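Data first, discussion second: the structure below is written as structure tokens.
The values are calculated or read from the model by the stated rules, or taken from the named source; none is laboratory data. What you see is a predicted model; the values in this text were computed from it and never measured. Backbone-built Cβ (ideal geometry, glycine too); neighbour counts: all protein chains shown.
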Amino acid sequence: MEILHRVMFNTTSKDILFHTVEDLGLITKTSQLPIDGGLLVFVDISESNPHWPMISDLISALGASDRYDTVFTEEEVRSAEWLRLISTFEQGYPYPKGSWPFKQSGRPLLCQKCATYTQTGPIQFIKEPNLGKKSFMSLIWQNEVFCSPEVFQGLAEINLRGYEPLDAVIHKTGQASEKIQQLFVQNIASPGVIVDDEHERIVCPVCGVAKFHPHMRGVMKIYRDAIIPNVDFMLTNEWFGHGFFAWREILVSNRVAQLILDKGWQGIRFKVVDFV
Ligand SMILES: [Zn+2]
């Protein structure tokens, strides 16, 4: 497991940080800003880098942008009992794009403030997606995962449970897509996501539902009694996101992860979940 940071800053006010990362050869890329706006500097660095503590202190002192995420090794994924399934291939926007998130095909909102929703029908695509060599995809701004027929065939062959293929409708033709179907997960686990700090969630002032900040650091921990027995797919009870972004995490069993890794299907990645 590695915690990877993408640090971004403008050289105009952060000379010390710039010279430090330049001297250490840590600059990933730069981009010249117009009209003498200085240089935008990007640094990708893991917390295992021996220079990280010093860089981290400079980021805090100077207020540079710092986004991070956790990457697990294949061995860690293969030995985990449960995992989060995360799309890495986004293509196209939800339909209708112009009224996102208030009016979406198949996904009426439960609350206009926090944008939690329920799915009542097929999700529409403006046109057929182009998967290229990918087997999984999602739409920009949404967490629903779609996959190719070969994936559904593979899931069915080893009798995985807790999902159903749901047609996605192509708006232009009104017909079901021939390339993808939604990997629809209906089962919702009991509440159980563990947070270290109550500030990691915000309670909606309108509907009272709590939304957790996106879980980016390390292993997500969930109480074991939240698990639905005898399924390989389930959604977290908890909502994640901020602003108008709202989603439930898709949890999958080890059997699902092993199958996808064995087949080499692309377009998703896994993050380890620990049921305690
Ligand atoms: Zn709400």
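Points to keep in mind about this one:
- Breaking point among (1) in contact with a Ser or Thr (Cβ under 6 Å, 6 or more places away or on another chain); (2) in a strand (DSSP E or B), for Phe9: (1)
- Within region 171-202, if we keep just the residues that are within 17 Å of Glu128 (Cβ to Cβ) and touching a Pro at 6+ places or on another chain (Cβ under 9 Å), the residue that is surrounded by the most Cβ atoms within 10 Å (Cβ to Cβ) turns out to be Ile180.
- If you check Lys134, Lys127, Lys113 for being in a loop (DSSP other than H, G, I, E, B) and either in contact with a His (Cβ under 9 Å, 6 or more places away or on another chain) or not assigned by TED's automatic domain parsing to the domain that holds Pro214 (or both), only one passes: Lys127.
- Taken residue by residue, region 227-244 has at least one member that is crowded, with 18+ Cβ neighbours inside 10 Å, in a loop (DSSP other than H, G, I, E, B) and among the polar types (S, T, N, Q).
- Of residues in region 9-26 being among the aliphatic types (A, V, I, L, M) and surrounded by fewer than 16 Cβ atoms within 10 Å (Cβ to Cβ), the one nearest to the chain's Cα centre (by Cα): Leu24
- Subset of region 34-50 that is free of Cβ contacts under 8 Å to residues at least 40 places away in the same chain and exposed (fewer than 13 other Cβ atoms within 10 Å of the Cβ) - its residue that is nearest to Gly63 (Cα to Cα): Gly37
- Exactly one residue out of Ile16, Ile86, Ile35 is away from the ligand (no atom under 16 Å from the Cβ), in contact with a strand residue (DSSP E or B) (Cβ under 9 Å, 6 or more places away or on another chain) and either in a strand (DSSP E or B) or among the β-branched types (Val, Ile, Thr) (or both): that is Ile86.
- Flag if Asp167 is away from the ligand (no atom under 16 Å from the Cβ) and more than 19 Å from Gln119 (Cα to Cα): no
- In region 92-149, residue nearest to the ligand (Cβ to nearest atom) [restricted to those that are over 23 Å from Thr173 (Cβ atoms) and among the charged types (D, E, K, R)]: Lys113
- Options Trp265, Trp247; residue that is closer than 22 Å to Val77 by Cβ, out of contact with any strand residue (DSSP E or B) (no Cβ under 6 Å at 6 or more places or on another chain) and of a type in the set (Phe, Trp, Tyr): Trp265
- Any hit, region 51-72, residues being over 26 Å from Phe212 (Cβ atoms) and among the basic types (Lys, Arg): no
- Residue identified as more than 18 Å from the chain's Cα centre (by Cα) and buried (at least 18 other Cβ atoms within 10 Å of the Cβ) among Ile123, Ile158: Ile123
- Among residues of region 201-216, those that are touching a strand residue (DSSP E or B) at 6+ places or on another chain (Cβ under 6 Å) and either away from the ligand (no atom under 16 Å from the Cβ) or without any contact (Cβ under 8 Å) to a residue 40 or more places away in the chain (or both), counted: 6
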